[in-house]
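Read through the structure below, which is laid out as structure tokens, and then see the notes.
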Amino acid sequence: MKRNLRVLVASVFVAVLFCGQSFAAGGSAIPEMLKAFEAQGAGNFSADGVKDLWVREFKAKDGKMRSCSTCHGTDLTQSGKHARTGKVIDPMALSVNPERFTKAKKIKKWFKRNCKWAWGRECTAQEKGNFLTYFKGL
Amino acid sequence: MFIDKKVLIFGVLAAISSVSAWADNDGDEGREDGFASRAMSFFSHKDGVENVSNQLYNESCGECHFAYQPGLLPSGSWQRLLSSDQLADHFGENAELDEADRKKVLDFVTRYAAEKSDYRISIKIANSVSSSNPPMRITKTRYIDRKHHELSDREVKNNKGVRFLGNCTACHRKAKEGVYEEDTVSIPNFPNWED
């Protein structure tokens, strides 16, 4: 009987552990990232003006104009399309695609790749915080 | 007696060679495929390329394009392609990875690279590339280039449903399973295409 109880307690413990993990995996990584940007000296993140930045064009080495919207489009609740490969890019708005913002590592990877691709440089902590705030509010 | 044995072995190998040449029914002569390649691909009952999957590889590369099976390029090509410099300018795109991930992805693809595979297409690809100057693109390996050289711009580049030769999945309906056989091909907007 005592042994059964121990098994029960252990099972409940494991179950709670798994639930906790799945909640953590499904949660937004945005708050944690904003905190990290603040630690780098950025702050007062705002979505103001991001809409204009989104379509601001920069000339790439190949002579073509590039902006965030080249691949992601202008309606962020809709899918975009990779400029070269044509692969569908899921929406950027947190409200319709929360899965996109669950992993800090993934967000960092894409900020690095895409800021360099579109703007030819890495984005600052302030810019990244503003972008995340913008996606969060859409 | 010793010499007889040698002659016997030679005879058997020659027979295998001619049988495999006859059995090589993929539609062309395969001039650059050596004897070893023919013999190996004949004995290999594994068609296509090995369909290995790796979550980090899919996330690192497959978010922008089809996650090409590692067996579609030899290690030498993967090493060039996945160097930090190349990833920062990946055919005009930025595909940078942090160093730990870059090494893990490289480790995965080289482990299953073409020259280590016993799948038919991988063997043919591995035998068609120069080891001193491995190509950067699957479509630049001599075998893949030769298999597609009859296609025109109308069918590929200017075809809205295809657009570039590296777009395997556009025509090879089972590419995601590592299957590239002729009977699984259908070219968008060319319903009557036949090789």
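Read-outs: derived from the displayed coordinates by stated rules, not from any lab. Only a predicted model underlies this, so the values are computations on that prediction, with no experimental measurement involved. Backbone-built Cβ (ideal geometry, glycine too); neighbour counts: all protein chains shown.
Taking θ as phi - 60°, what are the ³J(HN,Hα) couplings along segment A:120-137 by the Karplus curve (6.51, -1.76, 1.60), each to the nearest whole Hz, with x for Gly and Pro?
x, 7, 6, 7, 7, 4, 5, 4, 5, x, 5, 4, 4, 5, 5, 4, 5, x
Sort segment A:38-138 into rounded, prolate or oblate with this rule: let a ≥ b ≥ c be the square roots of the eigenvalues of the Cα gyration tensor; rounded if a/c is under 1.5, and if a/c is not under 1.5, prolate when a/b is larger than b/c, oblate otherwise. Each step should come with its number before you reach the end.
Details: a/c = 1.56, a/b = 1.18, b/c = 1.32.
The shape class here is oblate.
Once you sort the root eigenvalues of the Cα gyration tensor of segment B:78-154 as a ≥ b ≥ c, which label holds: rounded (a/c under 1.5), prolate (a/b larger than b/c) or oblate (the other case)?
Oblate, because a/c is 1.5 or more while a/b does not exceed b/c.
Please go through the residue pairs A:Lys64/B:Lys160; A:Lys105/B:Lys46; B:Lys103/B:Lys157 and name each one whose alpha carbons sit more than 26 Å apart in this structure. Provide the component values of the computation, followed by the final result.
Numbers: A:Lys64/B:Lys160 20 Å; A:Lys105/B:Lys46 37 Å; B:Lys103/B:Lys157 33 Å.
Over 26 Å apart, Cα to Cα: A:Lys105/B:Lys46; B:Lys103/B:Lys157.
Can you give me the long-range amide H partners of B:Lys46? Hydrogens built in the peptide plane at 1.01 Å from N, cutoff under 5 Å, separation of 5 or more residues or another chain.
Excluding prolines and chain starts, which carry no amide H, the hits are B:Arg120.
Reachable aspartates and glutamates from A:Lys87, Cα under 20 Å, same-chain residues fewer than 8 places away excluded?
A:Asp75, A:Glu99, B:Glu59, B:Glu63, B:Asp89, B:Glu93, B:Glu96, B:Glu155, B:Glu177
Evaluate E = 1/(1 + (r/R0)^6) for B:Glu181 and B:Ser130, where r is the Cβ-Cβ distance and R0 equals 35 Å; express this FRET efficiency to the nearest 0.05. List each step's numbers first, then the result.
Values: r = 27 Å, r/R0 = 0.76.
Given R0 = 35 Å and the Cβ-Cβ separation, E is 0.85.
Tell me, B:His148, B:His172 in order of fewest to most beta-carbon neighbours within 10 Å? All intermediate terms of the calculation are to be shown ahead of the outcome.
Working: B:His148 13, B:His172 21.
Arranged by neighbour count, lowest to highest, B:His148, B:His172 become B:His148, B:His172.
Kindly put A:Thr102, B:Thr141, A:Thr70 in sequence by how many other C-beta atoms sit within 10 Å of each C-beta, fewest to most. Walk me through the numbers before you get to the answer.
On the way: A:Thr102 15, B:Thr141 24, A:Thr70 18.
Ranking A:Thr102, B:Thr141, A:Thr70 by Cβ neighbours within 10 Å, fewest first, gives A:Thr102, A:Thr70, B:Thr141.
Can you work out ³J(HN,Hα) from phi for every residue in segment B:128-133, in order, using Karplus 6.51 cos²θ - 1.76 cosθ + 1.60 and θ = phi - 60°, giving whole Hz and x for Gly and Pro?
So the Karplus estimates, Gly and Pro as x, are 10, 10, 7, 6, 7, 9 Hz.
Can you work out ³J(HN,Hα) from phi for every residue in segment A:100-117, in order, using Karplus 6.51 cos²θ - 1.76 cosθ + 1.60 and θ = phi - 60°, giving whole Hz and x for Gly and Pro?
Going residue by residue, I get 4, 10, 8, 10, 4, 4, 5, 4, 4, 4, 6, 4, 4, 4, 7, 4, 5, 5 Hz, with x marking Gly and Pro.
Take B:Trp78, B:Trp193 and order them by how many other Cβ atoms sit within 10 Å, fewest up front. Provide the component values of the computation, followed by the final result.
On the way: B:Trp78 23, B:Trp193 13.
Ordered from fewest to most neighbouring Cβ atoms within 10 Å, B:Trp78, B:Trp193 come out as B:Trp193, B:Trp78.
Taking amide H atoms as placed 1.01 Å from N in the peptide plane, list the residues 5 or more away in sequence, or in a different chain, whose amide H sits under 5 Å from that of A:Ile89.
A:Gly80, A:Lys81, A:His82
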